[in-house]
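Note sheet for the following structure.
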Amino acid sequence: MSLPITGKVPFGGDYNPEQWPEETWQQDYRLFDAARIDLVTLGVFDWALTQPAEDVYDFSLLDRIIERATAERRGICLATGTGAHPPWLAKAYPQVCRTDFEGRRHRFGQRHNSCPSSPVFRRLSTELARRVARRYAGNPAVVAWHVGNEYGGACYCDLCAAGFRDWLRRRYGTLDALNAAWYTTFWSHTFTDWDEIEPPSALTEHWRGPDHTAFQGITLDYLRFTSDAMLTNFRDEKAAIREACPDVPVTTNFMGMYRPIDYHRWAEHLDFVSWDNYPPDDTSAARMALTHDLMRGIKDGQPFWLMEQTPSYTASRDVNPLKRPGLMRLWSWQAVAHGADAVLFFQLRASRGACEKYHGAVIGHAGRSDTRVFREVAALGAELDALGPATLGARTPARVALLFDWDSWWALEISDGPSRLVRYQQVVLAYHRALWDAGVDVDVVAVTADLSRYDVVLTPALHLIKGDLVGRLEAVAARGGSVLTTYLSGRVDENDNAFLMDVPGPLGQLMGIRIDEWDARGPEVVNPVRLGSGADQVEVEARLVFELVVPQGAEVVGTYRSDFYAGTPAVTRNPYGNGHGWYVATGLDQTGVSWVVRQVLARHDLLGPYPDVPDLETAVRVAPDGTRLLFLLHHGSEPVEVTAHIGGVDLLTGNRVEAGQPLRLPERGVMVLQEGR
Ligand code: GLA
Ligand code: ZN
């Protein structure tokens with residue numbers, strides 16, 4: 001099963017009318033009419049309402065909410081309501097509360113607060129999902145199921161310890177295998193009984209927080225276990241929904257680049273991906289492009305839902321900037337350009353109390369429709385209405401893949417040495433940004449993805465190498481493709497043990513290099529790198545990690561300029577089969593990363609239509625009938641003019657565009673060009 005069946009891009013979002021009087025609902029729906037809101041996400045935090053006591057279920061209020069939404073002909077994304085447990089549950093069963101990294105058993109409070117291993121939580125959350133599904137399964141307005149909310153965090157309680165030991169038994173079978181994987185001879189850690197194994201926390205293997213561990217293998221497995229334990233919670237609820245409702249797709253809202261949960265391990269269990277986009281600041285266009293590409297890549301390029309975004313501001317940050325006029329629209333279209341088949345907000349009406357009362361909403365506390373934010377939402381609603389089904393199910397025709405790997409992310413960031421300053425997301429962002437600036441469509445995919453359809457595969461900071469990946473990367477190069485990897489790749493196996501061979505381990509053949517030494521320095525230390533030769537030569541800056549490369553067949557593309565390794569390779573290119581393996585041995589600045597990436601792209605003729613126009617993003621989607629859609633998204637603050645490189649119709653204005661004609665995009669302008677119509 002894949003995405004919900006809708007006739008256009010669903011538009012709406014989280015709606016919590018249980019928080020205000022029913023008289024207001026009428027007003028809400030008239031405002032929804034004005035904004036063309038056609039989908040409401042209901043019941044996300046309703047557990048205390050729908051199950052006020054262990055043996056009492058009460059759906060009367062939710063019934064009225066759903067009846068109202070149905071009568072108003074809105075689609076419903078219906079939540080099971082298990083994102084926060086009710087007070088009576090924590091009181092009766094303290095085991096449902098989590099134990100934190102410091103070993104403190106929490107008491108009732110907040111949300112996203114349940115121990116994933118608690119049998120009581122598992123039983124009661126599943127039962128609630130079952131009852132909600134049974135009650136509303138027949139309602140055709142329900143187009144999607146929303147399980148839990150933003151799964152995340154971790155628990156270190158005794159139930160999780162027991163769950164971890166079971167998980168380890170399944171993974172390793174014997175203690176001998178586990179001891180070997182964890183390298184327990186080091187520091188006298190040989191386990192002789194499964195019950196000796198403790199979750200890695202501040203009380204056991206860690207100091208200075210979750211990233212400082214004495215045993216990377218143990219911590220890595222606990223991260224995997226936690227992700228799997230929460231996946232089990234999701235699957236429990238999904239199975240309960242399925243008993244009553246076999247055909248409506250089920251999702252849960254992901255959080256983009258969220259470290260604690262390995263979304264790739266969840267992929268096959270979701271019918272479609274949805275995610276909540278709360279960028280850290282208003283200059284995050286490139287980062288959001290990456291996150292959308294990552295979310296689309298989770299289920300093999302299938303479109304996703306943008307489940308939440310704020311129409312104006314968030315409330316949870318120290319400072320919460322307001323989205324400037326046009327920005328919400330631009331970012332919504334950016335999501336669609338990267339594969340979103342729904343545009344939804346958190347939230348449709350603002351809460352009156354508690355910690356999100358200042359969070360942005362389509363409808364504010366005063367209930368007005370004449371605010372700037374409401375007007376912008378309504379204008380976008382009208383645009384999406386006019387667009388109709390044109391983008392639904394459309395795929396991104398990427399010939400470039402960027403591999404994203406939670407195991408590598410974890411392994412790199414829990415490692416002692418070479419450097420604590422190298423952050424996985426920063427490295428990945430720099431390489432994705434180079435593609436984004438060049439206007440290239442890219443799939444951000446798991447290391448297990450089928451690579452046979454790509455000409456270029458980038459694997460930045462691929463610290464941990466597992467499975468048959470190396471053979472598949474070699475196959476890309478052998479048939480004429482390009483594979484690029486960077487410093488700190490190919491260092492450890494799936495248990496986080498070093499390879500007993502030259503760095504970069506099993507990537508060495510493809511890269512045609514060997515690394516014997518590396519130098520990690522503070523951010524103030526710059527080693528200039530000279531890239532290219534002759535007239536094309538450029539000098540850029542490199543920081544943080546400098547690997548010393550000994551070519552084993554690779555050509556030198558760039559060299560360090562200072563220190564005792566001045567003149568030695570910093571960037572190399574190895575002929576491999578009909579293609580190449582590129583290696584970047586240091587943290588090049590963005591100019592350097594872009595220079596290298598453009599060399600690779602140029603070889604495959606993959607630069608986008610406007611690679612040298614700053615802030616102008618382009619993205620392509622191909623509709624199920626083969627129609628190509630070109631999205632032009634202008635993130636700059638001055639108007640920009642370019643020449644149309646294809647002809648078609650701008651779906652937002654209906655205007656015909658001829659190839660070669662000038663195109664003018666205002667500040668935050670958007671164009672959706674349907675080719676050839
Ligand atoms: C998350 C949650 C919502 C809400 C918003 C606020 O995405 O899922 O319940 O708290 O954040 O930004
Ligand atoms: Zn627990």
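The values are calculated or read from the model by the stated rules, or taken from the named source; none is laboratory data. Treat the numbers as computed from the prediction; the structure is a model and nothing was measured. All Cβ positions, even for glycine, are placed from backbone atoms using ideal geometry, and neighbour counts span all protein chains on display.
Numbers for the structure displayed
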item: Failed item, numbered, when Lys357 is tested on (1) crowded, with 21+ Cβ neighbours inside 10 Å; (2) within 14 Å of ligand 1 (Cβ to nearest atom); result: (1)
item: The stretch 2-50, residues that are polar (S, T, N, Q) and in a helix (DSSP H, G or I); result: Gln19, Thr24, Gln26, Gln27, Thr50
item: Some residue of the stretch 556-571 being charged (D, E, K, R) and part of a loop (DSSP other than H, G, I, E, B); result: yes
item: Matching residues in the stretch 100-127 - criterion: being surrounded by fewer than 21 Cβ atoms within 10 Å (Cβ to Cβ) and within 30 Å of Pro246 (Cα to Cα); result: Arg111, His112, Asn113, Pro119, Val120, Arg122, Arg123, Thr126, Glu127
item: Qualifying residue in the stretch 628-641 (condition: free of Cβ contacts under 8 Å to residues at least 40 places away in the same chain, over 27 Å from Ser594 (Cα atoms) and either touching a Cys at 6+ places or on another chain (Cβ under 7 Å) or assigned to a loop (DSSP other than H, G, I, E, B) (or both)); result: no
item: Output for the stretch 572-586, where each listed residue is closer than 19 Å to Ser419 by Cα and outside any strand (DSSP E or B); result: Ala585
item: Of all residues making up the stretch 64-102, the number that are among the acidic types (Asp, Glu) and in contact with a helix residue (DSSP H, G or I) (Cβ under 8 Å, 6 or more places away or on another chain); result: 1
item: Matching residues in the stretch 244-270 - criterion: being more than 23 Å from Ala154 (Cα to Cα) and part of a strand (DSSP E or B); result: Val250
item: Inter-residue pairs, beta-carbon under 6 Å, first surrounded by 24 or more Cβ atoms within 10 Å (Cβ to Cβ) and in the stretch 273-294, second among the basic types (Lys, Arg), 6+ apart; result: Val273/Lys299
item: Unmet requirement for Ala644, which otherwise passes all of (1) in contact (Cβ under 8 Å) with a residue 40 or more places away in the chain; (2) over 24 Å from Trp595 (Cβ atoms); (3) buried (at least 17 other Cβ atoms within 10 Å of the Cβ); (4) small (Gly, Ala, Ser); result: (1)
item: Members of the stretch 458-475 found to be surrounded by 24 or more Cβ atoms within 10 Å (Cβ to Cβ), closer than 29 Å to Ala394 by Cβ and hydrophobic (A, V, I, L, M, F, W, C), listed by number; result: Leu458, Leu473
item: Selected residue (criterion: nearest to Asp416 (Cα to Cα)) from residues of the stretch 166-196 that are buried (at least 20 other Cβ atoms within 10 Å of the Cβ) and in contact (Cβ under 8 Å) with a residue 24 or more places away in the chain; result: Trp182
item: Tally, over the stretch 271-298, of residues that are modelled with pLDDT of 95 or more, away from ligand 1 (no atom under 16 Å from the Cβ) and part of a loop (DSSP other than H, G, I, E, B); result: 2
item: Among the residues listed as Ala535, Ala566, the single one being at pLDDT below 95 and among the hydrophobic types (A, V, I, L, M, F, W, C); result: Ala535
item: Residues satisfying the stated conditions in the stretch 136-179, i.e. in a loop (DSSP other than H, G, I, E, B) and within 16 Å of ligand 2 (Cβ to nearest atom); result: Gly148, Tyr151, Gly152, Gly153, Ala154, Cys155, Tyr156, Cys157
item: Every residue from the stretch 603-613 that is surrounded by fewer than 17 Cβ atoms within 10 Å (Cβ to Cβ) and free of Cβ contacts under 8 Å to residues at least 60 places away in the same chain; result: Asp605, Asp612
item: Residue within the stretch 114-121 that is out of contact with any strand residue (DSSP E or B) (no Cβ under 6 Å at 6 or more places or on another chain) and within 16 Å of ligand 1 (Cβ to nearest atom) present; result: yes
item: Hey, Ala79 of a type in the set (Gly, Ala, Ser), more than 16 Å from ligand 2 (Cβ to nearest atom) and surrounded by fewer than 16 Cβ atoms within 10 Å (Cβ to Cβ) or not; result: no
item: Those residues of the stretch 512-529 which are farther than 20 Å from His580 by Cβ, among the charged types (D, E, K, R) and touching a residue at least 12 places away in the same chain (Cβ under 8 Å), in sequence order; result: Asp516, Glu517, Asp519, Arg521
item: Residue within the stretch 87-99 that is more than 14 Å from ligand 2 (Cβ to nearest atom) and crowded, with 22+ Cβ neighbours inside 10 Å present; result: yes
item: Test for Thr219: is it over 26 Å from Phe272 (Cβ atoms), out of contact with any helix residue (DSSP H, G or I) (no Cβ under 7 Å at 6 or more places or on another chain) and within 16 Å of ligand 2 (Cβ to nearest atom); result: no
